[in-house]
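Peer 1: Attaching a single structure in structure tokens format; questions to follow.
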Amino acid sequence: MVDVLVTHGTLLIGMAALFGFLMAWGIGANDVANAMGTSVGSNAITIKQAIIIAMIFEFAGAYLAGGEVTSTIRKGIIDSAYFVPHPELLVYGMISALLAAGIWLIVASALGWPVSTTHSIIGAIIGFAAVGVGPDAVAWGKVGGIVGSWVVTPAISGFIAFVIFQSVQKLIFNTSDPLANAKRYVPFYMGLAGFIMSLVTITKGLKHVGLHLSTNEAYLLSLAIAVVVGVLGKVAIGRLKMSGVTGTGTDTQFGDVEKVFAILMVVTACCMAFAHGSNDVANAIGPLAAVVSVVEAGGEISSKASLAWWILPLGAFGIVFGLAIFGKRVMQTIGKNITHLTPSRGFAAELAAASTVVIASGTGLPISTTQTLVGAVLGVGMARGIAAINIGVVRNIVVSWVVTLPAGAGLSIIFFYMIKSAFE
């Protein structure tokens, strides 16, 4: 049946590219809206600014650092040995998985549900492999590890967010002069954000550009960047126009303190977009890369497929378009509906989520950025007491997470048989 790949190779790659773009569009509409939701929800930036920031940094993250997680998605979840006699089944399956996950994400985004793009594509891949080829083709052990990360990830990010927010409360808000303390401590938080982000960029991103630094060099460079970010932050805070009230009026001071944190939110929003682009572009381009490599190799399934030059930019553009056209609804859910966010709370949530993404990217686990961020926002809400959280919204979000895997799998099975019958 390899003749199918020879005669219809261009058509199959074209379909995969189109559905890969659809999937990336869905990621932009759903996941990027999460990454930007806290910044928009806390009024640190406008929707328009969020879209511009996301365009630049998501693209950079996807293009510079998007190669590492791609291999986990492509090789880890299904055993390619089962597809060697029938490589065309892998091609049909990956195309149907992209279409299935893309459609599910667009439906979820329209409903304002922040679901996991990672789960959508994993569910879709499991679906076609288990039904189209056989349950043995799925590496269930790997799937178990991924399912485990869904519980662990929100827990870690929630805990980190809780700790960061409590430290902000102690050092700044619960003091006699919050504004003076904000000016004193916020540059350190900026430095911390700079450190975490540059570390992920250096250790993950620069390998693809051909720069290989040792661990010590990476840490030293990150520290240097952190110092620069902190100093620049201090200068920027010094230039802020305050309401001019000093001394006793802490309420007015709180407003000024939040202005200071709003600057910080812009830094973390950029970082979050970069981290997200590097981690989640794999969901769209992993299956696409698999299709391209199998078709171009005439049906041979190699363990390491090189990315064609056009695949990463296709994914990056798709993400940007999805956010710009469709991202508003999910932003509303994350930024406004779970708990009331201010710039200081939003900052704690974003830094915690970014830290968790860094930890997970380093270990190659395809975590869900969505769950990381929802966990972090919940952590910040918890720090203010359970009453601060909108339980109804959280319940809907959790239900949508549970539905995502079977929805992706079901759609993928249907499309798999449709595509298979069309070509055979």
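Peer 1: Quick one: what pairs do we get from the range 376-402, first residue free of Cβ contacts under 8 Å to residues at least 60 places away in the same chain and part of a helix (DSSP H, G or I), second of a type outside the set (D, E, K, R) and buried (at least 19 other Cβ atoms within 10 Å of the Cβ), C-beta under 6 Å, 6+ apart or different chains?
Peer 2: Listed pairs, sorted by first residue: Gly381/Thr339; Ala388/Thr339; Ala388/Gly381.
Peer 1: Sticking with this structure for a sec: If you check Val281 against the conditions, is it within 27 Å of Thr46 (Cβ to Cβ), surrounded by 24 or more Cβ atoms within 10 Å (Cβ to Cβ) and modelled with pLDDT under 80?
Peer 2: Considered against the rule, which asks whether it is within 27 Å of Thr46 (Cβ to Cβ), surrounded by 24 or more Cβ atoms within 10 Å (Cβ to Cβ) and modelled with pLDDT under 80, Val281 comes out as yes.
Peer 1: Taking the conditions exactly as written (in contact (Cβ under 8 Å) with a residue 60 or more places away in the chain and among the small types (Gly, Ala, Ser)), does Ala409 satisfy them or not?
Peer 2: So Ala409 fits the description; yes.
Peer 1: Could you list, in sequence order, the residues of the range 159-189 that are of a type in the set (Phe, Trp, Tyr) and more than 15 Å from Leu264 (Cα to Cα)?
Peer 2: Across the range 159-189, the qualifying residues are Phe159, Phe162, Phe173.
Peer 1: Give me the residue from the range 284-310 that is polar (S, T, N, Q), within 26 Å of Gly123 (Cβ to Cβ) and at pLDDT below 80 and, out of that set, surrounded by the fewest Cβ atoms within 10 Å (Cβ to Cβ).
Peer 2: By that ranking, first place goes to Ser303.
Peer 1: Next question. Keeping to the range 87-120, report how many residues are of a type outside the set (A, V, I, L, M, F, W, C), over 28 Å from His8 (Cα atoms) and surrounded by fewer than 24 Cβ atoms within 10 Å (Cβ to Cβ).
Peer 2: Going through the range 87-120 one residue at a time, the tally reaches 1.
Peer 1: I'm trying to understand the selection: among the residues of the range 400-424, which are hydroxyl-bearing (Ser, Thr, Tyr) and in contact with a Gly (Cβ under 8 Å, 6 or more places away or on another chain)?
Peer 2: Thr404, Ser412, Tyr417
Peer 1: Determine whether the range 156-169 contains at least one residue that is free of Cβ contacts under 8 Å to residues at least 24 places away in the same chain and under 17 Å from Glu258 (Cβ atoms).
Peer 2: Yes, the range 156-169 contains at least one residue that is free of Cβ contacts under 8 Å to residues at least 24 places away in the same chain and under 17 Å from Glu258 (Cβ atoms).
Peer 1: Taking the range 121-154 as the region of interest, how many residues are surrounded by fewer than 24 Cβ atoms within 10 Å (Cβ to Cβ), of a type in the set (Val, Ile, Thr) and not in a loop (DSSP other than H, G, I, E, B)?
Peer 2: Looking only at that region, the number is 7.
Peer 1: Okay, next question. Pick out, from the range 1-111, the helices (runs of 4 or more DSSP H) lying fully within it that include 3 or more residues that are at pLDDT 80 or above and of a type in the set (Phe, Trp, Tyr).
Peer 2: Helices (runs of 4 or more DSSP H) meeting the threshold: 9-27.
The values are calculated or read from the model by the stated rules, or taken from the named source; none is laboratory data. On a predicted model such as this, the values are computed, not experimentally measured, just so you know. Glycine gets a Cβ as well: all are built from the backbone with ideal geometry, and neighbour counts include every protein chain shown.
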